[in-house]
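The values are calculated or read from the model by the stated rules, or taken from the named source; none is laboratory data. Since the structure is predicted, the reported quantities are computational estimates derived from the model, not experimental observations. Methodologically, a virtual Cβ is constructed for each residue, glycine included, from the backbone with ideal geometry; neighbour enumeration extends over all protein chains shown.
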Amino acid sequence: MLLEVKGLKAGYGTAAVLHGLDFEVGEGDVATLLGANGAGKTTTLRAICGMVRAEGEIVFGGERVSKEATESIARRGVAHVPEGRGTFMELTVEENLRLGAHTRRDPKVRQDFERMCGWFPLLKERWRQQAGTLSGGEQQMLAIARALMMRPRLLLLDEPSFGLAPLIVRDIFGILRRVREESGVGILLVEQNATLALDLAERAYLLETGRIVLAGPAVEIRQDEAIRRSYLGY
Amino acid sequence: MDAFLLQLAAGVATGGIYASVALAIVMIYRATHHVNFAQGEMATLSTFVALTLIQAGLPYWVAFAATLAVSFVMGTLVERLIMRPVQHAPVLTQVGVYIGMLLIIGNLTGWVFGYTTKVFPSPFEGHGPALGGLISAHQLGSVGVTLAVLLLVYLFFTQTSLGLAMRGAAYNPASAKMVGIRVGRMLALGWGLAAMIGAVAGMMVAPIVFLDPNMMLGVLLYAFAGALLGGIDNPAGAVAGGFLVGVLENLAGPYLVGTELKLTVALAIIIGVLVLRPSGLFGRIVHARV
Amino acid sequence: MEGVCGKPPIRPNPADASQPARGAAIRLRRYLPPVASLAAILAPLWLLEGFHLFQLTVAVIMALAVLGLNIVTGYSGQISLGHGAFFAIGAYVTAALMSHAGWSFWATLPPSAALCGIVGYGVGLPALRLGGLYLALVTFSLAVAVPQLLKHRSLEAWTGGVQGLFLSKPEPPPWLPLDPDQHMYLLAVLVAGCCFWLTSNLVCSRIGLALMAIRDHPVAAEASGMDIAALKTRAFAVSAMITGVAGALSAVTIEYVAPDSFGLPLSITLFVGMVVGGVASVLGPVFGGLFVLFVPSIAESISRATPGVVYGVILIVFLVGMPDGIAGLIRRAAQRIGWSAEDRTT
Ligand SMILES: Nc1ncnc2c1ncn2[C@@H]1O[C@H](COP(=O)(O)OP(=O)(O)OP(=O)(O)O)[C@@H](O)[C@H]1O
Ligand SMILES: [Mg+2]
């Protein structure tokens with residue numbers, strides 16, 4: 001297993017948000033975390049990255065990473081594309097990507113710039129433009145590209161479709177499919193668009209007010225009556 | 001006309017010093033969103049260290065380099081030991097801590113090195129006036145040194161990956177952590193660099209104004225004026241602003257107000273900028289979290 | 001917020017006081033603090049003499065100056081590092097009018113305060129529109145520049161230039177059996193008392209509450225339609241006036257004004273006094289005034305540099321470890337022993 005989480009509890013200040021989650025992501029797999037607004041999806045991703053106070057066991061690549069600093073977890077190969085994208089607005093596209101490769105010392109960095117331009121041709125056209133001046137879709141692509149520049153083993157994606165036109169969303173999911181095939185990165189995907197997420201994922205978890213209420217292979221979850229009614233809309 | 005050129009040249013020379021301190025202030029500002037009121041005191045302490053090393057018999061440039069190293073360490077220590085513990089504290093606490101540092105460093109300097117005014121050597125003296133008598137050798141040399149420092153800093157921030165990481169950490173610490181940048185280290189590094197830049201300014205201004213524990217207070221005021229004029233969040237702007245206020249000061253000095261009101265000129269520039277162009281010439285308005 | 005403005009929440013019900021002993025105890029609790037404070041304020045008139053009384057007078061004046069600063073920094077949350085400038089303006093206006101124009105001390109107070117208010121408004125207006133950082137910058141610069149301004153040639157006729165101005169204490173009226181030092185102490189206490197009373201009322205008025213709302217919830221306050229910049233600027237002007245009045249008192253107490261005593265160190269002293277006494281507390285400045293007068297003179301006996309170092313260390317220690325200052329310490333101690341604290345603080 002790439003990522004194993006057991007009994008994860010987390011919260012802000014005195015308010016508990018997560019009440020003990022168990023889930024896992026396999027090497028090179030895509031798992032998706034579904035749930036209503038405020039269920040605690042973002043908090044889960046933050047807890048994995050050490051950005052909120054958390055209890056429980058988080059094992060990444062066979063090693064316990066609970067209580068480690070965000071930087072250290074990132075250096076172990078966990079790349080986080082946060083809610084709101086977290087691009088460096090004042091820096092150019094190129095600089096954002098260079099920052100993504102900040103911790104890498106291998107000579108393949110140059111090659112990876114090419115690779116990103118292949119996956120995200122739009123970015124190539126904006127190479128020296130300030131990230132803050134990009135459109136929402138371009139920024140999302142930049143955020144994903146920046147994360148991939150880390151050559152991560154696990155990619156945490158927080159609602160990559162947020163606020164984007166359906167066409168762009170389809171593009172992004174197309175790219176994600178390509179990325180996982182070509183790079184073998186594992187993905188934990190938080191998404192409101194359950195149809196797209198379940199299409200991409202092998203496993204799915206349904207989160208309700210800080211608890212996992214349903215877990216299983218994506219194909220089975222798609223057939224689930226409750227899911228269909230509340231999340232897929234048919 | 002000659003007198004005008006003379007003042008202009010002198011303005012550029014002092015402007016370089018203001019520009020350096022303004023840059024140090026903006027660097028800290030961008031990382032912490034506060035102005036380091038103790039920047040001047042730190043620079044004065046560095047200059048005293050330099051004087052001590054020179055008096056101990058070290059050649060000037062060796063002492064210069066050693067002072068930069070000491071200043072760097074001092075800057076990082078200040079960040080680690082004093083600023084780090086209060087980085088999430090309320091604004092009043094942070095500003096108060098800067099003031100506390102100003103008091104402690106300033107008075108320790110006086111305590112250790114004495115309050116009498118001291119002569120500080122210039123490495124460029126003995127070369128006579130330069131540029132046809134327009135400017136003294138020291139002024140020309142200090143312009144050269146400050147420009148070289150500014151250029152190095154510019155190259156560091158734009159061309160090296162460490163410089164880029166420091167910019168990223170200052171702009172967006174949360175995202176910087178997500179790509180594995182050790183933000184705390186970057187902050188300490190920034191403080192160290194700012195202290196180094198301040199030390200250069202101190203060593204360049206000391207031969208002109210003489211060295212005493214309050215030497216940098218006036219310089220600091222002009223650096224504030226320069227930083228505001230250029231835009232408090234814009235390093236390049238702050239440098240330009242520093243040069244501009246240096247020239248303004250030297251032109252306003254003899255022609256408008258006389259030399260006794262130099263500090264008031266700085267104050268007037270500061271208020272003038274806030275009234276007329278609060279974002280500075282090249283910056284954005286910053287709504288501090290106060 | 002309970003028990004903040006106005007009376008403490010639990011008042012003794014007179015009907016409960018049927019037993020005479022309990023009634024007396026309640027009356028004691030009610031009247032003892034004011035009577036005791038009045039006695040404590042007046043006692044030095046007879047207990048202290050000469051230099052010690054003078055020192056205490058200066059402490060009262062510093063307390064008043066700190067009170068002014070506290071209005072802007074404590075209650076409206078804007079950081080001023082240059083209140084020494086207003087202290088200087090108050091002192092110089094009073095000194096100049098008394099020594100050049102022969103005005104009486106009382107007559108100089110309104111113009112002193114007015115000029116401070118105007119300068120405060122002028123400095124505060126551009127800075128406060130923009131946010132707190134700018135006020136700290138401008139006031140810091142003002143504090144640094146003030147001595148130079150006071151020395152300038154064009155003002156020399158009024159300010160006495162580098163030499164400064166000498167003046168003398170107001171004579172006690174013939175019907176008061178007090179010597180000039182005692183009289184000065186009484187004057188300072190009277191003026192300071194009025195200002196403290198006015199301030200504690202201001203703090204609890206609608207304006208005071210609005211200021212604290214702005215300090216604590218700027219976004220919500222703006223959304224509710226308050227003109228934040230205007231309110232802050234007015235608070236700044238009032239605070240400058242109070243500190244200016246303190247400056248005026250100091251001029252007649254010390255009987256001398258000189259430019260170099262009004263530089264950055266004075267402004268920083270006031271800032272330290274405010275923090276140590278207690279931010280956003282009406283009583284805090286009293287402790288602050290006592291602190292800034294007595295601690296440095298004790299520290300100075302060790303070395304010239306120690307007061308500054310001690311100040312710096314104490315400032316940082318208080319900010320980090322005891323942010324509500326001595327007033328907060330006393331309030332908590334009083335609460336522990338069950339004495340209702342009447343200090344109107346937030
Ligand atoms: N910084 C914070 N401080 C306090 N509470 C927070 C914070 N961030 C989130 N919460 C609370 O935690 C709960 C879970 O929030 P979270 O952001 O994890 O939800 P989510 O599932 O990502 O929702 P959405 O789909 O809207 O993004 C919510 O009730 C939210 O109010
Ligand atoms: Mg979310």
Does segment A:55-66 contain any residue that is away from ligand 1 (no atom under 13 Å from the Cβ) and facing chain B (nearest Cβ under 9 Å)? no
Report the residue count in segment C:142-156 for those that are more than 10 Å from chain B (Cβ to nearest Cβ) and free of Cβ contacts under 8 Å to residues at least 12 places away in the same chain. 2
Please find, among A:Leu198, A:Leu206, A:Leu214, the residue that is over 18 Å from A:Leu99 (Cα atoms), more than 19 Å from the chain's Cα centre (by Cα), surrounded by 15 or more Cβ atoms within 10 Å (Cβ to Cβ) and away from chain B (no Cβ under 14 Å). A:Leu214
Among the residues of segment A:89-104, which ones are surrounded by fewer than 23 Cβ atoms within 10 Å (Cβ to Cβ) and among the polar types (S, T, N, Q)? A:Thr92, A:Thr103
Residues that are of a type outside the set (Val, Ile, Thr) and within 20 Å of B:Val265 (Cβ to Cβ): find the helices (runs of 4 or more DSSP H) completely inside segment C:129-213 holding 2 or more of those. C:132-151
Consider segment A:52-69. How many of its residues are within 24 Å of A:Gly86 (Cα to Cα) and either out of contact with any helix residue (DSSP H, G or I) (no Cβ under 7 Å at 6 or more places or on another chain) or in contact (Cβ under 8 Å) with a residue 24 or more places away in the chain (or both)? 9
Close pairs from segment B:215-234: first closer than 13 Å to B:Phe37 by Cβ, partner in a helix (DSSP H, G or I) and of a type outside the set (A, V, I, L, M, F, W, C), Cβ under 6 Å, at least 6 apart: B:Met216/B:Gly40; B:Met216/B:Thr44; B:Leu217/B:Gly40; B:Leu220/B:Gly40; B:Leu221/C:Ser141; B:Ala223/B:Tyr18
Qualifying position, being buried (at least 16 other Cβ atoms within 10 Å of the Cβ) and either among the polar types (S, T, N, Q) or closer than 26 Å to B:Gly184 by Cα (or both), among A:Met141, A:Met149, A:Met116: A:Met149
Taking the stated definitions as given, is B:Met196 modelled with pLDDT of 95 or more, more than 9 Å from every other protein chain (Cβ to nearest Cβ) and buried (at least 20 other Cβ atoms within 10 Å of the Cβ)? yes
Residue under evaluation A:Leu157, criteria (1) touching a Pro at 6+ places or on another chain (Cβ under 6 Å); (2) within 16 Å of ligand 2 (Cβ to nearest atom); (3) aliphatic (A, V, I, L, M), criterion not met: (1)
Kindly list, by first and then second residue, each pair from a residue in segment A:141-167 that is within 20 Å of A:Glu4 (Cα to Cα) to a residue that is within 16 Å of ligand 2 (Cβ to nearest atom) and in a helix (DSSP H, G or I), limited to pairs with Cβ atoms under 8 Å and residues at least 6 apart or on different chains. A:Leu156/A:Leu45; A:Leu156/A:Ile48; A:Asp158/A:Lys41; A:Asp158/A:Thr42; A:Asp158/A:Leu45
Output the residues belonging to segment A:88-114 that are among the β-branched types (Val, Ile, Thr) and facing another protein chain (nearest Cβ under 7 Å). A:Thr103
Would you please name the residue that is farthest from ligand 1 (Cβ to nearest atom), looking only at residues in segment A:1-53 that are among the polar types (S, T, N, Q) and over 16 Å from the mean Cα position of the chain (by Cα)? A:Thr14
Have a look at B:Gly96, B:Gly110 and point out the one that is within 9 Å of another protein chain (Cβ to nearest Cβ) and out of contact with any helix residue (DSSP H, G or I) (no Cβ under 7 Å at 6 or more places or on another chain). B:Gly110
Considering only residues of segment C:124-141 that are closer than 25 Å to C:Val93 by Cβ and more than 7 Å from chain B (Cβ to nearest Cβ), which is surrounded by the fewest Cβ atoms within 10 Å (Cβ to Cβ)? C:Leu125
Condition test on B:Val179, is it among the β-branched types (Val, Ile, Thr) and either crowded, with 20+ Cβ neighbours inside 10 Å or touching a residue at least 60 places away in the same chain (Cβ under 8 Å) (or both)? yes
All positions within segment A:37-53 that are basic (Lys, Arg) and either at positive phi or more than 9 Å from ligand 2 (Cβ to nearest atom) (or both): A:Arg46, A:Arg53
Within 21 Å of the chain's Cα centre (by Cα), away from chain C (no Cβ under 14 Å) and either under 17 Å from B:Ser20 (Cβ atoms) or crowded, with 19+ Cβ neighbours inside 10 Å (or both): is that true of B:Ala165 in this structure? no
Unmet requirement for A:Thr103, which otherwise passes all of (1) within 16 Å of ligand 2 (Cβ to nearest atom); (2) of a type in the set (Ser, Thr, Tyr); (3) over 22 Å from A:Glu83 (Cβ atoms): (1)
If you go through segment C:302-317 one residue at a time, do you hit one that is surrounded by fewer than 20 Cβ atoms within 10 Å (Cβ to Cβ), more than 19 Å from C:Ile61 (Cβ to Cβ) and in contact with a Ser or Thr (Cβ under 9 Å, 6 or more places away or on another chain)? no
Within segment B:245-260, is even one residue in contact with a helix residue (DSSP H, G or I) (Cβ under 6 Å, 6 or more places away or on another chain) and free of Cβ contacts under 8 Å to residues at least 60 places away in the same chain? yes
Kindly establish whether C:Phe287 is at pLDDT 90 or above, out of contact with any Pro (no Cβ under 9 Å at 6 or more places or on another chain), closer than 30 Å to C:Asp181 by Cα and away from chain B (no Cβ under 11 Å). yes
Select, from A:Leu34, A:Leu18, the only residue that is within 16 Å of ligand 2 (Cβ to nearest atom) and closer than 27 Å to A:Ala145 by Cα. A:Leu34
Tell me whether segment A:116-128 contains one or more residues that are within 14 Å of chain B (Cβ to nearest Cβ) and within 16 Å of ligand 2 (Cβ to nearest atom). no
